[in-house]
Amino acid sequence: MSLTPAGNVRYALKTPYRDGTTHVIFEPEDFIARLVALVPKPRAHLTRYHGVFAPASPDRAKIVPRTHAVAATERGEAAVTGRQRAMSWAQRLKRVFAIDIETCRQCGGKLRVIASIEQPAVIERILEHLGHTAEPVYPAHPSRAPPKGDRLV
């Protein structure tokens, strides 16, 4: 996207049209009007589900996790509320990465989290006390600057 010497907006297309058009030129008012038409209305749902995830799909129940209220009704219990409680980070670790931190590796007993230490200095002191060294962890995908491209001037 760039400005022409006459002050119009020149939009270069990714791939040419069938007739060979490689760019489109708009007057500034027309360009702004087309951009404004793309802005969604306030509080409009921006995510649409299709296929198995659609609300009326007969196979949706096989894919989407059930709420506690539905599971309680199937067991014959009275559901206190229809709201689902958020998963704890320990439950998320178990579900996503198959890491179960709530079960002891040695005896199989139930563990519970009593603290979450996040300060690097405290972690280093604990590791030093246990006779371990703190090794730096490098992210798999380090952050980067946004791509540089043509901008409106």
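In debye to the nearest 20, how big a dipole does region 86-135 give about its Cα centre with +1 on each Lys and Arg Cβ and -1 on each Asp and Glu Cβ?
Using Cβ point charges on Lys, Arg, Asp and Glu, region 86-135 gives about 360 debye.
Across region 95-105, in residue order, what do the Karplus-derived ³J(HN,Hα) couplings come to in whole Hz, using 6.51 cos²θ - 1.76 cosθ + 1.60 with θ = phi - 60° and x for Gly and Pro?
With coefficients 6.51, -1.76 and 1.60, one gets 6, 8, 10, 6, 9, 9, 8, 9, 10, 5, 6 Hz.
Sort the following peptides by mean Cβ neighbour count (other Cβ atoms within 10 Å, averaged over residues), highest first: 104-110, 2-8.
Highest to lowest by the protection proxy: 2-8, 104-110.
Which residues' amide hydrogens lie under 5 Å from the amide hydrogen of LEU3, considering only partners 5 or more residues apart or on another chain, with H built in the peptide plane?
Distant-sequence amide H within range of LEU3: ARG10, VAL153.
Each reported figure results from applying straightforward, stated rules to the coordinates on display, with no laboratory input. Quick caveat: nothing in here was measured; it's all calculated off a predicted structure. Glycine gets a Cβ as well: all are built from the backbone with ideal geometry, and neighbour counts include every protein chain shown.
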